[in-house]
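Participant: Okay, here's the structure, questions in a sec.
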């Protein structure tokens, strides 16, 4: 072995042989420094091997098994499936963990609590990758959201709307309202590591509101306005929109201070079709 070789890269049998040769040379009277130079080993390693020989003889020089033990820091298939289901079905705080979003540390604590298995953060990262999970920005959903009612509406009510729109060659617009701010930065970008992209914008903050509607094919209609979103603005938008659409489907929120009946009265509707109390309201064209 020349000086450029690293004994740690040798096979276990070759490592054991090297250690025996070094220790036998020291036993025969060679100084440890000379043995280190002769066998291209570090003096620290020679010191360690000689100390092991004094404690346990040549048997103590046998190379030990590398890596973690089979039962240490590893999950079996059943345990992995359990952790995967918990991550998908619950948030950390719902499982009495001191986190509000899933992180590698949160998953590590969950694994330790459920199965008394300690894993490193890097191991958790490998598990998450193997399970097809990636770090993502969560989507906000209201506690009042009725997922079962939405599913029923999509299955039972919406198909009839879609058929009517197809028969009349009309488009269905899905509407919602939002606020816009001058200091909001949307989207992402690529940049060298450690250098966060900078977006130059005015330091003067201002905002406005927008109500918009979009079709399944991406056609967008919108109206920008100042002030609070109310019944008058909502009705004005619906009036304009229904001149070019079969129906407008708005989200569950009503304009402040307005009932559905008042909105329909202002628009001159003769009939009403309410899809659901919560997820959506269908305002048909008279």
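The values are calculated or read from the model by the stated rules, or taken from the named source; none is laboratory data. These numbers come from a predicted model, not from an experiment. As a convention, Cβ positions derive from the backbone with ideal geometry for all residues, glycine included, and neighbour counts pool all protein chains shown.
Participant: Tell me yes or no: at least one residue of the stretch 108-116 is surrounded by fewer than 13 Cβ atoms within 10 Å (Cβ to Cβ) and on the phi > 0 side of the Ramachandran plot. Lay out the reasoning, then the answer.
Facilitator: Residues of the stretch 108-116 that are surrounded by fewer than 13 Cβ atoms within 10 Å (Cβ to Cβ), as a first pass: 112-113, 116.
Now restrict to residues that are on the phi > 0 side of the Ramachandran plot: 116.
Scanning the stretch 108-116 turns up at least one residue that is surrounded by fewer than 13 Cβ atoms within 10 Å (Cβ to Cβ) and on the phi > 0 side of the Ramachandran plot.
Participant: Among the listed residues 140, 59, 126, which satisfies the condition of being exposed (fewer than 14 other Cβ atoms within 10 Å of the Cβ), out of contact with any helix residue (DSSP H, G or I) (no Cβ under 9 Å at 6 or more places or on another chain), in a helix (DSSP H, G or I) and at pLDDT below 90? Talk me through it step by step, then tell me what you get.
Facilitator: Numbers: 140 fails: in a helix (DSSP H, G or I); 126 fails: at pLDDT below 90.
Exactly one of 140, 59, 126 is exposed (fewer than 14 other Cβ atoms within 10 Å of the Cβ), out of contact with any helix residue (DSSP H, G or I) (no Cβ under 9 Å at 6 or more places or on another chain), in a helix (DSSP H, G or I) and at pLDDT below 90, namely 59.
Participant: Do you know which residues across the stretch 45-56 are surrounded by fewer than 15 Cβ atoms within 10 Å (Cβ to Cβ) and either closer than 20 Å to residue 11 by Cα or touching a helix residue (DSSP H, G or I) at 6+ places or on another chain (Cβ under 7 Å) (or both)?
Facilitator: Let us first name the residues in the stretch 45-56 that are surrounded by fewer than 15 Cβ atoms within 10 Å (Cβ to Cβ), namely 47-48, 51, 54-56.
Across the stretch 45-56, the qualifying residues are 47, 48.
Participant: Among the listed residues 201, 170, identify the single one that is modelled with pLDDT of 75 or more, in a loop (DSSP other than H, G, I, E, B), surrounded by 10 or more Cβ atoms within 10 Å (Cβ to Cβ) and on the phi < 0 side of the Ramachandran plot. Steps first, answer last, please.
Facilitator: On the way: 201 fails: modelled with pLDDT of 75 or more.
So the residue among 201, 170 that is modelled with pLDDT of 75 or more, in a loop (DSSP other than H, G, I, E, B), surrounded by 10 or more Cβ atoms within 10 Å (Cβ to Cβ) and on the phi < 0 side of the Ramachandran plot is 170.
Participant: Can you tell me which of 20, 82, 44, 68 is modelled with pLDDT under 85 and out of contact with any strand residue (DSSP E or B) (no Cβ under 7 Å at 6 or more places or on another chain)? Let's see the steps before the verdict.
Facilitator: Working: 20 fails: modelled with pLDDT under 85; 82 fails: modelled with pLDDT under 85; 44 fails: modelled with pLDDT under 85.
Unique residue meeting the criteria: 68.
Participant: Given the residues 250, 209, which is the only one that is under 36 Å from the mean Cα position of the chain (by Cα) and at pLDDT 80 or above?
Facilitator: Values: 250 fails: at pLDDT 80 or above.
Within the list 250, 209, the selection yields 209.
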